[in-house]
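The values are calculated or read from the model by the stated rules, or taken from the named source; none is laboratory data. Computed from a prediction, not measured in an experiment: that's the story for all the values here. We place every Cβ from the backbone using ideal geometry, glycine too, and count neighbours over all the protein chains shown. Accessible surface areas use protein heavy atoms only, side chains included; no ligands, DNA or RNA. Shrake-Rupley method; radii C 1.70, N 1.55, O 1.52, S 1.80 Å.
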Amino acid sequence: MVLTQEELRTLIELRQREPHQLLGMHALGNGSGLVARAFVPDAAKVELEPVHEKEKPAFKLTRLHKTGLFEGTTTGADRVYAYNLVITDQHGRVRRTRDPYSFLPTIGETDLFLFGKGDERRLYDKLSAHLRTIDGVAGTAFAVWAPNAQRISVVGDFNEWDGRYHQMRPLGMSGVWEIFIPGVPEGALYKFEVRNTHGRVVLKTDPCGFYFEKPPANAAIVWDNARFTWTDEPWLDKRAQRNPLVSPISIYEMHLGSWRHSAKGEWLTYRELAEPLIAYLQRMGFTHVEFMPVAEHAYYPSWGYQITGFYAPTSRYGTPDDLQFLVNALHEAGFGVIVDWVPAHFPRDDWALARFDGTALYEHEDPRKGAHQDWGTLIFNYGRNEVINFLLANALFWCERYHIDGLRVDAVASMLYLDYSRQPGQWIPNQFGGRENLEAIEFIRRFNHLVHTEHPGVMTFAEESTAWPQVTRPPYLGGLGFSFKWNMGWMHDTLLYFSRDPVHRKYHQNNLTFAMLYHYHENFVLPLSHDEVVHGKRSLLGRMPGDDWRRFANLRTLLGYQWLFPGKKLLFMGCEFGQSGEWDAAHELNWPLLGMGPYHRGLQKFVEDLNRLYQAEPGLWKLDYDTLGFRWIDCLDHLNSVISFLRQTEEPLSELVILLNLTPVPRARYRIGLPRPGKWLEVLNSDAAVYGGSNMGNAGSVTAQEVKWHNMPCSAEFTLPPLSILAFRPERPVVQDAPPAEAAAGGSPAVEGGTLPIEPASKPPADTVPPAPAPLADSPASTPGEPPASAKD
């Protein structure tokens, strides 16, 4: 035996930190030959045979220990050569394999240097499990970061989950462990068996795993997520040239598991979602869809916000290829795809990131910095280069491998403030004594810089609920660098206003007007998101006061105000047709409501027409963040609860006049100032009968008189229906054969000519509700937009 007794003991007890130094083939110290060792617990006999250089010696290995450690020597060669292990198991079966300990590392020193520096932007090409062919041998290269581990083995269904077979080697002082295992195919299940810094052996899933078993199982799956054939190059090219600040953006936010179910009550897969979702988005006129977190998460009721697999789409709905298919199909149909990204925290599951190598590796050791008070989760250590690299590379990963068009960053406020949701004594000040998390701020700035420079056209959104300045200004000006910020203040004030009985609204009109005092400080999105229809807050419809007619009239006016007010738009699924109850992630949306009377379907039609008008009129989106794009006409008539404002671009005849009557009292001959004389067309009336309203209006138009009013050169008398929002634009010359205005890059075409195909509100409108998307073969009754057969009957 060439091994010393101590070396033998560390191998058989799996305490050898450098297994590649002892296992595999090595030159003898005196230069007299070679020694080869293999740890094969199920072997009765092990032989070695050359692969390429057939003249090299073949020789037998002798069992050194009953655990399956074998050793053999030869004097027939003094230089290491490629070889197979010929293994005969206890049942006499023979298999040949290249020795995992005969291969050089698959990660280079430059990669490790960049990782330690926090700047290995393609970390996902280095860590995790990668199918490779080395020296003609197909297999999988595994790598994981765990600097304080005593030993790590790859275990899986290919080695009977036995940590003795494939012990990994540490690569210098980088903390990265690596091994190439021949013969491990795509689809193989695996975990890392970690002897942590305390000597305890635990099973951990791959932090960078690309695919996982369906929860509650948690093994990672070897998968090639780079093989999908994309056909969305035209979309990506157009996206790179597009300026989202001056483009129409209306976002349909959705939860993949509860938008719609099959006839069997099961989730639709990514591929099954593609056809009905695209048909619905096309019908409704949204420009983008936003998915709540798609990364793997063990706890379904977390809605995806407690992520256990940051580099893997959840397997609940299919494979990584299936998600790529869905994104590709959406792009081909002209829709952008935004996903929620969660770098603020991660769950405490003991098989995932938490105390990965026995130490606070991804998190802080001190709970005053590392424990999230509200969610019971752990906070990333933004001051550690490798952790920052893990997160930055993850953001780039979703943009590169899944062609995502936008990342909405969850819970930004919890990252910015060290005292977020903490009492005095429960937090640690920064180095200057302040409460700002300086490391998180630097991380956010780097994140935005990398996403915007490496993937031009990709947008970033901040869910930030405080008054932190310059969230959407570039880092070189002291900002955080986001493209957009959710306007949580607008959302709160607006919902508070609309939840009040109209008799009290005259005392609270500032709830609707206050947002313009700070609007130009940031690039705002106006969100009515999933957070507003859960946890006892009630649905949007449930917040509206009054009987059914008034509730739906209020909700139409609310959504009209959202769409016509400056800022990009976001609406959570189900709100577009007035879901009655709160959102429940365990059940699909209540689509049968669309067959129960005129109100739900009328609201859905209203949102559809809002989107068409929005995309057709540049005045509603081109100058969202320019003071030229908005002007109050009259926001002071609180006694009548009437508000009017102007949207426009720099182009002539681009104006839209928006009027809101926020009480159930109709207003006749109500004079409003107008910027120009002539005929003004009523292009939107939320009180139209087709929407479920009372059909009061202005017979399709008004004519401006040269009577100065509201500091305007002209004015006209309007009829304001009860609880309504109206939109008027000046009559424009008809342009023959003009192409429709273009929506967001690749987006749905706007209505030709810039007006909506709706009857004037004062006429009895025809039933213009378009047909629903074609149903799935196994689910004819649950197609969005079409009531089930039972509801029709």
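Things worth noting here:
- Taking the criterion of being open to solvent by less than 60 Å² (accessible area, probe 1.4 Å) and closer than 18 Å to Tyr165 by Cα, the residues of segment 86-104 that qualify are Val86, Ile87, Thr88, Asp89, Thr97, Arg98, Asp99, Pro100, Tyr101, Ser102, Phe103.
- For Gly376, the criteria (1) out of contact with any Lys or Arg (no Cβ under 8 Å at 6 or more places or on another chain); (2) open to solvent by 30 Å² or more (accessible area, probe 1.4 Å); (3) within 30 Å of Gly199 (Cβ to Cβ); (4) not acidic (Asp, Glu) hold in every case but one, which is (1).
- Of all residues in segment 396-414, those satisfying the criterion of being under 17 Å from Tyr305 (Cα atoms) and assigned to a helix (DSSP H, G or I) are Trp398, Val412, Ala413, Ser414.
- Here Tyr670 fulfils each of the conditions (1) at pLDDT 95 or above; (2) open to solvent by 30 Å² or more (accessible area, probe 1.4 Å); (3) outside any strand (DSSP E or B) apart from (3).
- The number of residues in segment 480-503 being in a loop (DSSP other than H, G, I, E, B) and either at pLDDT below 95 or under 23 Å from the mean Cα position of the chain (by Cα) (or both) comes to 5.
- Scanning segment 298-315 for residues that are crowded, with 24+ Cβ neighbours inside 10 Å and over 14 Å from Ala585 (Cα atoms) turns up Ile307, Thr308, Gly309, Phe310, Tyr311, Ala312, Pro313, Thr314.
- Restricting attention to segment 410-426, the residues that are over 18 Å from Trp486 (Cα atoms) and among the acidic types (Asp, Glu) total 1.
- Only one of the numbered conditions (1) touching a residue at least 60 places away in the same chain (Cβ under 8 Å); (2) small (Gly, Ala, Ser); (3) farther than 22 Å from Gln615 by Cβ; (4) open to solvent by less than 30 Å² (accessible area, probe 1.4 Å) is violated by Ala274, and that is (1).
- Selection from segment 73-95 of residues that are free of Cβ contacts under 8 Å to residues at least 40 places away in the same chain and not in a loop (DSSP other than H, G, I, E, B): Asn84, Val94, Arg95
- Segment 194-213, residues that are of a type outside the set (S, T, N, Q) and more than 19 Å from the chain's Cα centre (by Cα): Val194, Arg195, His198, Gly199, Arg200, Val201, Val202, Leu203, Lys204, Asp206, Glu213
- Unique residue being at positive phi, open to solvent by 10 Å² or more (accessible area, probe 1.4 Å) and without any contact (Cβ under 8 Å) to a residue 60 or more places away in the chain when the list is Arg551, Arg538, Arg473: Arg538
- One residue alone among Met573, Met516 is among the aliphatic types (A, V, I, L, M) and open to solvent by 20 Å² or more (accessible area, probe 1.4 Å), and that residue is Met516.
- Test: residue in segment 415-429 that is surrounded by fewer than 21 Cβ atoms within 10 Å (Cβ to Cβ), assigned to a helix (DSSP H, G or I) and touching a residue at least 40 places away in the same chain (Cβ under 8 Å): no
- Summed over segment 184-201, residues that are farther than 22 Å from His20 by Cα and either buried (at least 16 other Cβ atoms within 10 Å of the Cβ) or modelled with pLDDT under 95 (or both) total 2.
- Residues of segment 607-653 that are of a type in the set (Ser, Thr, Tyr) and farther than 23 Å from Gly693 by Cα: Tyr625, Thr627, Thr649.
- If you go through segment 202-217 and keep only what is touching a strand residue (DSSP E or B) at 6+ places or on another chain (Cβ under 6 Å) and open to solvent by 20 Å² or more (accessible area, probe 1.4 Å), you end up with Val202, Leu203, Tyr211.
- Taking segment 351-389 as the range and being in a loop (DSSP other than H, G, I, E, B) and among the polar types (S, T, N, Q) as the test, the residues that pass are Thr359, Gln373, Thr377, Asn381.
- Scanning segment 139-197 for residues that are of a type in the set (D, E, K, R) and either over 18 Å from Tyr101 (Cα atoms) or part of a strand (DSSP E or B) (or both) yields Arg151, Asp157, Glu160, Arg169, Glu178, Glu186, Lys191, Glu193, Arg195.
- Taken over segment 316-333, the residue count meeting the criterion of being part of a helix (DSSP H, G or I) and either buried (at least 20 other Cβ atoms within 10 Å of the Cβ) or in contact with a helix residue (DSSP H, G or I) (Cβ under 6 Å, 6 or more places away or on another chain) (or both) is 12.
- When Leu61 is tested against the conditions (1) assigned to a loop (DSSP other than H, G, I, E, B); (2) at pLDDT 95 or above; (3) buried (at least 18 other Cβ atoms within 10 Å of the Cβ), the lone failure is (1).
- Filter result for the condition that a residue is outside any loop (DSSP other than H, G, I, E, B) and of a type in the set (D, E, K, R), over Lys238, Lys214: Lys238
- Taking the criterion of being hydrophobic (A, V, I, L, M, F, W, C) and surrounded by 18 or more Cβ atoms within 10 Å (Cβ to Cβ), the residues of segment 169-183 that qualify are Leu171, Val176, Trp177, Ile179, Phe180, Ile181.
- Leu653 vs. criteria open to solvent by 20 Å² or more (accessible area, probe 1.4 Å), touching a residue at least 40 places away in the same chain (Cβ under 8 Å), more than 25 Å from His508 (Cα to Cα) and outside any loop (DSSP other than H, G, I, E, B): no
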